[in-house]
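Here the structure is laid out as structure tokens; the discussion comes afterwards.
The values are calculated or read from the model by the stated rules, or taken from the named source; none is laboratory data. Fair warning: this is a prediction, and the values are worked out from it, not measured in the lab. All Cβ positions, even for glycine, are placed from backbone atoms using ideal geometry, and neighbour counts span all protein chains on display. To get the accessible areas, we keep the full protein, side chains included, count just its heavy atoms, and leave off ligands, DNA and RNA. Shrake-Rupley method; radii C 1.70, N 1.55, O 1.52, S 1.80 Å.
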Amino acid sequence: MRQNYSQETLQSILDQFQDIGTIKNSHLFTSGFENSNYYAETEKGKFVIKVFEGMDVAPENILFEIEMMDKLYSAGVKTPKIFQTKSGSLHASLGEKYAVLMSYIEGENMEKHAISDELAKQIGEQTGKMDSALQTIRDGSKTRQNYEFDLKNFLILSSKLEKLDLRFDKKIFADIFQSFKEIKPSLDSLPSGLIQNDIVLHNILAKDDELTGIIDFSDMVFSPYIQTVAVAFSQCFFTYNWQPYQAKIFLNGYQKFHPLTAKELELLRTLTLARFATLIIEFNHWNIAFGKDSQRTEFINDNYEFLKKFFQISESEFQKIIL
């Protein structure tokens, strides 16, 4: 989980790169929950240092993520550039931990922001480009396996449902699990590939309604492509930025580069509900296992309210929104 590091420690990472300079100013980015991301400014420019802190993340998972980020940047997707170390590696080290040095992307983080229709379209287009650029990757064995935030594994979370306290209506969650069981055979038969799996507002950077970057690829999984859209729906258009009609704008942008079938679109409402449930159940589990965190608790509570609101949208109403 995210850690606090001294400027001296951050400098030890920068010193593994050529001609980056000395840190004059630095601070920790507080969006996200898992890894440590620091802004670092030197006389040579502005950078981001990422230290990988994920639980149960194997070295091959991290190295694969770094390789794929580099591939996406080379493909022209709006993602950060990763710098090579003096030895030519794409990663540095901090003790036994891996770290990367990335370009700093100008733009405001869209966490909890309302976004414009134009930005919704651009996010869709860039997400479609990403999924298309990664289509050549056919082996998902280097991604996290049995990962709780991978919707194909949603049913493993049912054992944690009982840990939700009385504030939560467990019948809503039980209904979501039942609906998911019914669509699971169809989901497993859909086209799959390597997906970023975390198109959420706090991973979107924008300036004057112009998308400047998509960040954070630590949730990458090899799963059905429709999962990409479900994640974006739950965390971009049916969340703090509650503008349901933008879901269609995003979807149209996405399909310019990665078309979807009617069969895939039929599963979207259930998958979006499952994504909401995943975030609430798993982060609640984190609070129990590792101690309450105020940021996580706020996120859980807010997403429960969004889930209840989204749950009231029927399947027919939902299809009218997106088609």
Condition set in a helix (DSSP H, G or I) and within 20 Å of the chain's Cα centre (by Cα), scope the stretch 253-268, selection surrounded by the fewest Cβ atoms within 10 Å (Cβ to Cβ): answer is Q255
Being modelled with pLDDT under 95 and part of a loop (DSSP other than H, G, I, E, B), is that true of even one residue in the stretch 293-309?
yes
State which residue pairs qualify: first residue closer than 19 Å to N203 by Cα and inside the stretch 241-260, second residue open to solvent by 70 Å² or more (accessible area, probe 1.4 Å) and hydrophobic (A, V, I, L, M, F, W, C) in any location, beta carbons under 9 Å apart, and separation of 6 or more residues or different chains.
N241/A114; W242/A114; Q243/A114; L251/L323
Any chance the stretch 96-110 includes a residue that's part of a helix (DSSP H, G or I), closer than 27 Å to N241 by Cβ and not hydroxyl-bearing (S, T, Y)?
no
Filtered residues of the stretch 51-77 (kept if under 15 Å from the mean Cα position of the chain (by Cα) and among the charged types (D, E, K, R))
E65
Log entry, pairs with first residue in the stretch 56-81 being β-branched (V, I, T), second being assigned to a helix (DSSP H, G or I) and open to solvent by 50 Å² or more (accessible area, probe 1.4 Å), beta carbons closer than 7 Å, six or more apart or on different chains, reads V77/K129; T79/Y73
Checked the stretch 1-36 for anything closer than 17 Å to Y104 by Cβ, open to solvent by less than 40 Å² (accessible area, probe 1.4 Å) and touching a residue at least 60 places away in the same chain (Cβ under 8 Å); matches are I13, L14, F17, I20, S31, G32, N35
Can you find a residue in the stretch 198-216 that is open to solvent by 10 Å² or more (accessible area, probe 1.4 Å), assigned to a helix (DSSP H, G or I) and without any contact (Cβ under 8 Å) to a residue 40 or more places away in the chain?
no
Just to check your reading of the model, which residue among S179, S192, S223 is modelled with pLDDT of 95 or more, closer than 26 Å to S141 by Cβ and open to solvent by 20 Å² or more (accessible area, probe 1.4 Å)?
S192
Tell me whether the stretch 269-292 contains one or more residues that are surrounded by 15 or more Cβ atoms within 10 Å (Cβ to Cβ) and outside any helix (DSSP H, G or I).
no
